[in-house]
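Undergrad: Can you keep this structure in mind? I'll have questions shortly.
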Amino acid sequence: MKHLSLLILILSLAPAAQSADQGLKCQDIRPKIRSVKVSRMQPLKRGDNWLEGSAKNVHSQSCDLYGMKTEEAEYDGKTLLLKTVYEYHEKEAAKKLCETLRSEEKITTTFSGEGRSSLDEFCRRNKKKDFGVVLVYDATPSQGRETTRKPIRQIFRLYNGKGFVTEEHAFDPTMNLETVTLYVYDKGNNLTETTVNDFDGRQLRRETAAWNKPTRSRTVSEFGENNELRRKAIYEQREDGTLRREVRTTHDSGEQVVSKSEVYCDEKGRYQKELVYDADSPEPAYEFTYVLKFDDKGNWTEERKAKVIVYNGNRMPDKQHAPELTKREILYY
């Protein structure tokens, strides 16, 4: 259960995607990637300088040609916390798997009545529809038990006539329904709303995305259990489509602004400067500056984020605050 809880936490913290994915998609990097490893470093101070130090957190993904995860691992330093493997079954193969699981329920007592009824109902209700199944396995080495025999999570994905995912039903290791995620698209097949409900239909969170053509901006809003606004991000683009500015806010349960940050980008849409505000203060409390390194494909491989103190209109580097250093290793197809 420890590994399962960590998996759910990782999925819930994954960045919002442009399509339905339950945290199943790899990072959106072009050209197509085979794998990506992101390392958050622990800088060490030597005199007035900050050295790179060692990795304190490492997250890696392996991806197929469709941009879907096939393997994922999380490390604390050099200690492996969790390794998961993703297995995809579509249409007829998914239906056969569904029938197999239903058959297994009839000859085993390991599944609860609630689990049987949830799975039976799903398979019965959707047997004539197109759907896929994603099996998530715990592949973390563990002494004394086989971790890859049974999936720790099974995600049944229903498609619309255009092949886009409209529903995802996630079941736990004992085949009890955990969550149902619903996806809504506009006429251009752009994802406009994602709602995650618990097994009993209660909303856990909801996310909306809206495009404003006159201002060339996209707004992504996240709402909580009671449909209260918790986070909002506005992405402003230039005429050529590159990101010009990104404004993020977090909100309390009363929808009041708790924090705000504005990120400004260069002409290629790369982060340059971030202004951080306390609550609804008109002046930034401090800033961050970004220094990036890139590979020959134009994707960043190192990001150095350093804090700058703002006092009485003056900007001074914060030499006591360690910079945030992130390294990225990308393998392409």
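Undergrad: Rounded to the nearest 0.05, what FRET efficiency is calculated for residue 80 and residue 266 with R0 set to 30 Å and r the Cβ-Cβ distance?
TA: Efficiency, rounded to the nearest 0.05: 0.20.
Undergrad: Per residue, how big is the convex hull around the C-alpha atoms of the stretch 165-219? Give it to me in cubic angstrom, could you?
TA: Working: hull volume 4.5 nm³, N = 55.
Cα-based convex hull of the stretch 165-219, divided per residue, equals 82 Å³.
Undergrad: Using a 7 Å offset from the Cα along the Cα-to-Cβ direction at both residue 186 and residue 99, what is the distance between the two label points in nm, to one decimal?
TA: The modelled label-to-label distance comes out at 4.2 nm.
Undergrad: Taking the Cα centre of the chain as the origin and placing charges on Cβ (Lys, Arg +1; Asp, Glu -1), which of 265, 62, 155 is farthest toward the positive end of the dipole?
TA: Highest projection toward the positive end goes to 62.
Undergrad: Continuing with the same structure: Label points 7 Å out from Cα along the Cβ direction at residue 245 and residue 125: separation in nm?
TA: Going by the 7 Å Cα→Cβ label model, 4.5 nm.
Undergrad: If you place +1 on the Cβ of every Lys and Arg, -1 on the Cβ of every Asp and Glu, and leave all else neutral, what size is the dipole of the chain about its Cα centre, to the nearest 20 Debye?
TA: On the way: 57 positive and 54 negative charges, 149 e Å.
The dipole of the chain has a size of about 720 debye.
Undergrad: Let me ask something additional. Quantify how much of the Cα-Cα distance distribution of the chain extends past 29 Å, in percent.
TA: Above the 29 Å cut-off, the chain has 48 percent of its Cα pairs.
Undergrad: In degrees between 0 and 90, to the nearest 10, how far off the longest principal axis of the chain does helix 92-107 point, with axes built from Cα atoms?
TA: Relative to the chain, helix 92-107 is tipped by roughly 60 degrees.
Undergrad: Any idea what the dipole of the stretch 180-333 comes to, in debye rounded to 20, about its Cα centre with Lys/Arg Cβ at +1 and Asp/Glu Cβ at -1?
TA: Dipole magnitude for the stretch 180-333 comes out near 420 debye.
Undergrad: Name the residues whose placed amide hydrogens come within less than 5 Å of the amide hydrogen of residue 302, ignoring near sequence neighbours (fewer than 5 apart) on the same chain.
TA: Long-range HN contacts for residue 302: 293, 328.
Undergrad: Can you pull the one-decimal nm distance between simple spin-label points at residue 320 and residue 252, each 7 Å off the Cα toward Cβ?
TA: Label-label distance for residue 320 and residue 252, simple model: 2.8 nm.
Undergrad: Same structure, new question: From the residues 221, 333, 165, which one has its Cα farthest along the dipole of the chain in the positive direction, the dipole being from +1 and -1 charges on Cβ of Lys/Arg and Asp/Glu about the Cα centre?
TA: Positive-end residue among those listed: 333.
Undergrad: Extent of the stretch 209-285 along each principal axis, from alpha carbon coordinates, in Å, largest to smallest?
TA: Principal extents (largest minus smallest coordinate, Cα): 38, 29, 17 Å.
Undergrad: Moving on to the next point. Can you compute 3J(HN,Hα) from phi for each residue in the stretch 316-333, using the Karplus curve 6.51 cos²θ - 1.76 cosθ + 1.60 with θ = phi - 60°, rounded to whole Hz and x for Gly and Pro?
TA: In residue order, the calculated couplings are 9, x, 8, 6, 8, 9, 5, x, 8, 10, 10, 10, 9, 10, 10, 10, 9, 6 Hz.
Undergrad: The stretch 117-273: D in µm²/s via Stokes-Einstein (Kirkwood Rh, Cα pairs, 25 °C, 0.890 mPa s)?
TA: Taking Rh from Cα pairs, D becomes 132 µm²/s.
Undergrad: Compute the angle between helix 113-126 and the longest alpha-carbon principal axis of the chain, please, reported from 0 to 90 degrees and rounded to the nearest 10.
TA: In the chain, helix 113-126 runs at an angle near 90 degrees to the longest axis.
Undergrad: Still on this structure, please answer the following. Taking 0.36 nm per residue of separation and subtracting the Cα-Cα distance, what length does fully extending residue 65 through residue 162 add?
TA: Gain in length upon complete extension: 32.9 nm.
Undergrad: Here is a further query. Mind checking which of 233, 89, 79 is farthest towards the positive end of the chain's charge dipole, using Cβ charges of +1 (Lys, Arg) and -1 (Asp, Glu) about the Cα centre?
TA: With unit charges placed on the Cβ atoms, the residue in question is 89.
Undergrad: If you don't mind, there's one more thing I want to ask. Quickly rank 265-274, 299-308 as a protection proxy: mean count of other C-beta atoms within 10 Å, highest first.
TA: Sorting 265-274, 299-308 by mean packing, highest first, produces 299-308, 265-274.
Bear in mind that the values in this text are calculations on the coordinates, not laboratory data. Keep in mind it's a predicted model, so treat the numbers as computed, not measured. As a convention, Cβ positions derive from the backbone with ideal geometry for all residues, glycine included, and neighbour counts pool all protein chains shown.
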